[in-house]
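*Asks:* One structure follows; several queries about it will come next.
The values are calculated or read from the model by the stated rules, or taken from the named source; none is laboratory data. Please read all numbers here as calculations on a predicted model, not as lab measurements. Don't worry about glycine lacking a Cβ; one is built from the backbone with ideal geometry, like all the others, and counts go over all protein chains shown.
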């Protein structure tokens, strides 16, 4: 029987109680061979991003304070999980990782993207170190394998591309060598180049790691354990009237992920679709609830719209300084610059003389983009905007929402409506969700 792959995100291991809950979930599947993919604990990735920024800006006191909080957070979890007489081996391993992180933070000569991957990947290493020690202490058959020995990538730091052939060989060899071990643990989000440099697969990339491993092994299924009942038609943290989606196709899941549905990483679905591997989205808070399923089902008529909110957006209008038409040659040139600066365009719209694009705010990437374009192009932009997407909208719903928002850009197809707005009226949306 092939192994199953379980992915646990940061919320599922955010404190000692959550780690104990993880153990209880695993006890529901005794002697089943599972590969466990873990994210960093809680908001650790955000914390290390702030730490990296402070270090690169020579904010010595801020860096020291953030570093101390990061250490305290992880050591507090460790001390809550172990008796004082049992914790020393774990404490030593954590200190080794923190010492390496401290040394890596000082490598300010590195390109930012490379520096980011070197440091931020520490979060997953800390997470798997604590969890593997705890599960071993519970007498489970566990082994941790460094994801950088499994996932081989190119050197496109912060958005690395997977070398599927080499990764498959590495993953199958590692699993074969550990055939007798029940639980294999590895890190999500991270990989390595052929020369051993740490890379990351993109923010929230742990889902993608699970999909890579499952595809390479021909796994039976992948389960993503979340703090929600399953796949929902809206983020319940933003919109209270969300509904569970019980079963959708790979194609629909890809569309939702592409538009920004946070429950699934955009790259996750395609390898599962290629391998005909079912993806289950299940609640770690209520594991008795049936999961949402994503597989090869023929798409039924969709009756529930999905609502996706992306904050911190920039809407930029770009025009050639010589008033050239926005033809294919100019578009090719502009899209090449967006690719070079690693900026993903969320919405794009052209007119005779301009290209309007909506993308995530990122100070460093925006600076680089402006530098590359300013000689030949003029740019105007608004920031701190929101991109609101409705998948499977109705005309009535679209009319309600467009008429009551200050819309800076609107784009719609037969199935999808996208609005870039200055501010979002959440109450209005929730009322509209009740009577779409």
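*Asks:* Among the residues of the stretch 188-225, count how many are touching a strand residue (DSSP E or B) at 6+ places or on another chain (Cβ under 7 Å) and assigned to a helix (DSSP H, G or I).
*Replies:* 8
*Asks:* Residues in the stretch 81-88: is at least one assigned by TED's automatic domain parsing to the domain that holds residue 115, assigned to a helix (DSSP H, G or I), farther than 16 Å from residue 185 by Cα and touching a helix residue (DSSP H, G or I) at 6+ places or on another chain (Cβ under 9 Å)?
*Replies:* Yes, the stretch 81-88 contains at least one residue that is assigned by TED's automatic domain parsing to the domain that holds residue 115, assigned to a helix (DSSP H, G or I), farther than 16 Å from residue 185 by Cα and touching a helix residue (DSSP H, G or I) at 6+ places or on another chain (Cβ under 9 Å).
*Asks:* Inside the stretch 309-334, can you point out the residues that are on the phi > 0 side of the Ramachandran plot and either under 26 Å from the mean Cα position of the chain (by Cα) or surrounded by 13 or more Cβ atoms within 10 Å (Cβ to Cβ) (or both)?
*Replies:* Of everything in the stretch 309-334, just one residue is on the phi > 0 side of the Ramachandran plot and either under 26 Å from the mean Cα position of the chain (by Cα) or surrounded by 13 or more Cβ atoms within 10 Å (Cβ to Cβ) (or both), namely 312.
*Asks:* While we're on this one: Filter the stretch 111-148 for residues that are touching a strand residue (DSSP E or B) at 6+ places or on another chain (Cβ under 8 Å), within 19 Å of residue 180 (Cα to Cα), in a helix (DSSP H, G or I) and touching a residue at least 24 places away in the same chain (Cβ under 8 Å) and give the result.
*Replies:* 132, 135
*Asks:* Can I ask one more? Of the numbered conditions (1) closer than 26 Å to residue 236 by Cα; (2) in contact (Cβ under 8 Å) with a residue 12 or more places away in the chain; (3) not assigned by TED's automatic domain parsing to the domain that holds residue 369, residue 298 satisfies every one except a single condition; which is it?
*Replies:* (1)
*Asks:* Residue 256 - would you say it is part of a helix (DSSP H, G or I) and under 16 Å from the mean Cα position of the chain (by Cα)?
*Replies:* yes
*Asks:* Also, I was wondering about something else. Considering each residue of the stretch 354-389, count those that are modelled with pLDDT under 95 and farther than 30 Å from residue 200 by Cβ, and give that number.
*Replies:* 0
*Asks:* Pick from the stretch 78-105 the residues that are exposed (fewer than 15 other Cβ atoms within 10 Å of the Cβ) and within 20 Å of residue 200 (Cβ to Cβ): which of them is nearest to the chain's Cα centre (by Cα)?
*Replies:* 100
*Asks:* Something else about it: Does residue 337 fit the bill of being modelled with pLDDT of 95 or more, buried (at least 20 other Cβ atoms within 10 Å of the Cβ) and either assigned to a loop (DSSP other than H, G, I, E, B) or not assigned by TED's automatic domain parsing to the domain that holds residue 159 (or both)?
*Replies:* So residue 337 fails the test.
*Asks:* Something else about it: For the stretch 425-436, what are the residues that are surrounded by 13 or more Cβ atoms within 10 Å (Cβ to Cβ), within 28 Å of the chain's Cα centre (by Cα) and touching a residue at least 40 places away in the same chain (Cβ under 8 Å)?
*Replies:* Hits for the stretch 425-436 are 429, 430, 433.
*Asks:* Also, quick follow-up: Across the stretch 398-424, which residue is farthest from residue 383 (Cα to Cα) among those that are in a loop (DSSP other than H, G, I, E, B) and under 26 Å from the mean Cα position of the chain (by Cα)?
*Replies:* So the residue we want is 415.
*Asks:* Let me ask something else about it. How about the stretch 340-371: which of its residues are surrounded by fewer than 16 Cβ atoms within 10 Å (Cβ to Cβ), part of a helix (DSSP H, G or I) and without any contact (Cβ under 8 Å) to a residue 60 or more places away in the chain?
*Replies:* Of everything in the stretch 340-371, those that are surrounded by fewer than 16 Cβ atoms within 10 Å (Cβ to Cβ), part of a helix (DSSP H, G or I) and without any contact (Cβ under 8 Å) to a residue 60 or more places away in the chain turn out to be 340, 363, 367, 370, 371.
*Asks:* Identify, from the list 41, 1, the residue that is assigned to a loop (DSSP other than H, G, I, E, B) and modelled with pLDDT of 95 or more.
*Replies:* Of 41, 1, the one residue that is assigned to a loop (DSSP other than H, G, I, E, B) and modelled with pLDDT of 95 or more is 41.
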